[in-house]
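J.: One structure follows; several queries about it will come next.
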Amino acid sequence: MKMILAIIQNADRDRLTTALLDAKIGHTRLNTTGGFLRQGNTTLVIGVEDEEVEHVLQLIDRTCQEREVLHRPGSGALHADAYVEPVKVTVGGATIFVLNADQFRKV
Ligand code: 2BA
């Protein structure tokens, strides 16, 4: 059994969760925030049998896109009155961790 943690952009969330639902793959959506951009993203927790991992990775690959966003370095209250040139940052498709799950129980 594996636990997949997939950090994806909010714009891709509905397409991926619809694909997971169609494939009858259980998952949990968490609203999360990226540490660098400090913008909302989504983390999906997906528990699957080992042989389903590749299928899930394919669904993520098909539904999550790379995008460029503008980021103003150091943005925040301390820098509110200083103009800093925005830079382009490439985000995604997805950041994925595949972890061994020792047990899966529902009680
Ligand atoms: P953020 O931390 O908001 O990062 C958004 C994008 O900013 C990243 O896209 C990357 O292209 C860029 N970035 C991140 N840290 C940077 C830095 N120190 N200098 C320059 N650019 C930087 P992704 O790599 O696709 O990551 C998307 C989101 O996945 C991240 O949002 C974060 O929420 C998560 N993530 C990425 N790597 C992670 C890791 N090693 N552990 C946990 N979460 C991670």
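J.: Looking only at region 90-107, which residues have a backbone nitrogen under 19 Å from a spot 7 Å from the Cα of Thr28 in the C-beta direction?
T.: Hits in region 90-107 for Thr28 at 19 Å: 96-107.
J.: Keeping every protein chain in place, order Lys88, Lys2, Lys24 by accessible area at 1.4 Å, biggest value first, i.e. largest first. The partial results should precede the final answer.
T.: Numbers: Lys88 145, Lys2 45, Lys24 175 Å².
The residues order as Lys24, Lys88, Lys2, largest area first.
J.: Also, I was wondering about something else. With equal scatterers on the alpha carbons only and no solvent term, can you work out the Debye log10 of I(q)/I(0) for region 2-100 at 0.24 1/Å?
T.: -1.25
J.: Sticking with this one: How high is the FRET efficiency between Met1 and Val69 when r is their beta carbon distance and R₀ equals 30 Å, given to the nearest 0.05?
T.: Values: r = 35 Å, r/R0 = 1.17.
Step by step, r from the Cβ atoms, then E = 0.30.
J.: Another question, then. Tell me the angle of helix 53-63 to the major Cα principal axis of the chain, expressed in degrees between 0 and 90 and rounded to the nearest ten.
T.: 40 degrees
J.: How far apart, in nanometres, would the label points at Asp61 and Gln103 be if each is projected 7 angstrom from Cα along the Cα-to-Cβ direction?
T.: A separation of 3.5 nm, rounded to one decimal place.
J.: Let me ask something else. About the Cα centre of region 2-100, how large is the charge dipole given +1 on each Lys and Arg Cβ and -1 on each Asp and Glu Cβ? Please answer in debye to the nearest 20.
T.: On the way: 10 positive and 13 negative charges, 73 e Å.
Here the size comes out at about 360 debye.
J.: Putting +1 on Lys and Arg Cβ atoms and -1 on Asp and Glu Cβ atoms, find which of Ala6, Gln58, Tyr83 reaches farthest to the positive end of the dipole of region 2-100.
T.: Value computed over the given set: Tyr83.
The values are calculated or read from the model by the stated rules, or taken from the named source; none is laboratory data. Computed from a predicted structure; not experimentally measured. Neighbour counts are summed over all protein chains in view; Cβ atoms, including those assigned to glycine, are modelled from backbone coordinates with ideal geometry. Only protein heavy atoms, including side chains, enter the accessible area calculation; ligands, DNA and RNA are left aside. Shrake-Rupley method; radii C 1.70, N 1.55, O 1.52, S 1.80 Å.
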